[in-house]
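Peer 1: Would you mind keeping the following structure in view while I ask a few things?
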Amino acid sequence: MSSETVAAPRTYHLRDLAEIYVLAQANWSDPIGGYIQENTAYNAALRKYRERLLSGLEDLYSLTLEMGQMVEIPRGTVLFMHFKRTVNSLLAQRTPTSGQQEAGLLLRSLEAAGDQGRQVLATSGRIDKLMQSSREAHLDMLEALLGILAGSRASLTFTSADLQTRGIDDVPPAVEDFAEGSA
């Protein structure tokens, strides 16, 4: 028996469809997008990957997340409008440090400010926790809305192999492959 560990195949649930939809809508300025401002090649590859993955999951759930397709679902258009507003709300969330590339100078300045600086840091940590809680609540709502829209297919789960049968590789691009000078 080999000592190598074989990773379990990735499984996808309705929440994954919600998350990949949000990420496919994100752009480089959205804090949850995971884009790297200085690396346009990586960003383009990441967007394409997300769009392909979204298309594959939509296909597996037999649910095209476009307004024109919602007319076939009872109350689909009004529910999808709320879905889109929820996505936009999630993407609009920011903290005072959102988009900050280098925080060293700020941290040193706050540490030098003594008690008030520590209060700013503690409050920033509290804001970050609240933001994470809010993001999870948004995803809960998106998942529930997709559950209504997907109907009987909502409880299905799929694997990487299911996506591969549709010609979709679910391995995200590696930022290292898009560094300057990489082949």
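Peer 1: With +1 assigned to the C-beta of every Lys and Arg and -1 to the C-beta of every Asp and Glu, and no other charges, what is the dipole magnitude of the range 51-107 about the Cα centre in debye, to the nearest 20? If you can, show how the numbers build up before the last one.
Peer 2: Numbers: 5 positive and 6 negative charges, 58 e Å.
Its charge dipole is roughly 280 debye.
Peer 1: Accessible area of Glu111, 1.4 Å probe, to the nearest 10 Å²?
Peer 2: Rounded to the nearest 10, the figure is 120 Å².
Peer 1: Once fully extended, how much extra length lies between Ile36 and Ser124, figured as 0.36 nm per residue of separation less the alpha-carbon to alpha-carbon distance?
Peer 2: On the way: separation 88, 0.36 × 88 = 31.68 nm, distance 2.30 nm.
Additional length available on full extension: 29.4 nm.
Peer 1: At a Förster distance of 35 Å, what's the computed FRET efficiency of Ser89 paired with Val171, Cβ-Cβ distance as r, to 0.05? Don't jump to the answer; show the numbers that get you there.
Peer 2: Numbers: r = 30 Å, r/R0 = 0.86.
Efficiency, from the Cβ-Cβ distance: 0.70.
Peer 1: Cα centroids of the range 39-58 and the range 68-96: how far apart, whole angstrom?
Peer 2: 20
Peer 1: Additional query: Can you give the net charge of the other residues whose Cβ lies under 10 Å from the Cβ of Leu65, counting K and R as +1 and D and E as -1? Mind dumping the intermediate values first?
Peer 2: Details: positive: Lys84; negative: Glu58, Glu66.
Net of charged neighbours comes to -1.
Peer 1: Using a Gaussian network model of the chain whose springs link C-alpha atoms within less than 10 Å, name the residue from Glu58, Glu19, Glu38 with the highest mean-square fluctuation.
Peer 2: Highest fluctuation of the listed residues: Glu38.
Peer 1: Which residues' amide hydrogens lie under 5 Å from the amide hydrogen of Tyr12, considering only partners 5 or more residues apart or on another chain, with H built in the peptide plane?
Peer 2: Phe158, Thr159
Peer 1: Under a point-charge model restricted to the Cβ atoms of Lys and Arg (+1) and Asp and Glu (-1), what is the dipole moment magnitude of the range 63-179 relative to its Cα centre, in debye to the nearest 20? Before the final figure, lay out each step's value.
Peer 2: Numbers: 11 positive and 14 negative charges, 113 e Å.
In total the dipole reaches around 540 debye.
Peer 1: Identify which of the listed values of P(r) over Cα pairs in 10 Å bins from 0, in percent was calculated from the structure shown: (i) 8, 34, 37, 16, 3, 0; (ii) 9, 37, 36, 13, 3, 1, 0; (iii) 8, 27, 30, 21, 10, 3, 0.
Peer 2: (iii)
Peer 1: Rounded to the nearest 0.05, what FRET efficiency do Glu72 and Ser155 have when you use their Cβ-Cβ distance and R0 = 30 Å?
Peer 2: FRET efficiency, Glu72 to Ser155: 0.90.
Peer 1: Find, to one decimal place in angstroms, the Kirkwood hydrodynamic radius of the range 6-94, where the mean of 1/r is taken over every pair of different Cα atoms and then inverted. Let's see the in-between values first.
Peer 2: Numbers: mean 1/r = 0.0694 Å⁻¹.
Across the range 6-94, the inverse of the average 1/r is 14.4 Å.
Peer 1: So, with +1 on the Cβ of K and R and -1 on the Cβ of D and E, and no other charges, what is the size of the charge dipole of the range 118-183 about its Cα centre, to the nearest 20 debye?
Peer 2: Working: 6 positive and 10 negative charges, 97 e Å.
Around 460 debye, computed over the range 118-183.
Peer 1: Roughly how many nanometres apart are two label points built 7 Å out from the Cα toward the Cβ at Ser133 and Ile148?
Peer 2: 2.5
The values are calculated or read from the model by the stated rules, or taken from the named source; none is laboratory data. Computed from a predicted structure; not experimentally measured. Cβ sites come from the backbone with ideal geometry, for glycine too, and all protein chains shown count toward neighbours. SASA here: full protein model, heavy atoms, side chains in, ligands and nucleic acids out. Shrake-Rupley method; radii C 1.70, N 1.55, O 1.52, S 1.80 Å.
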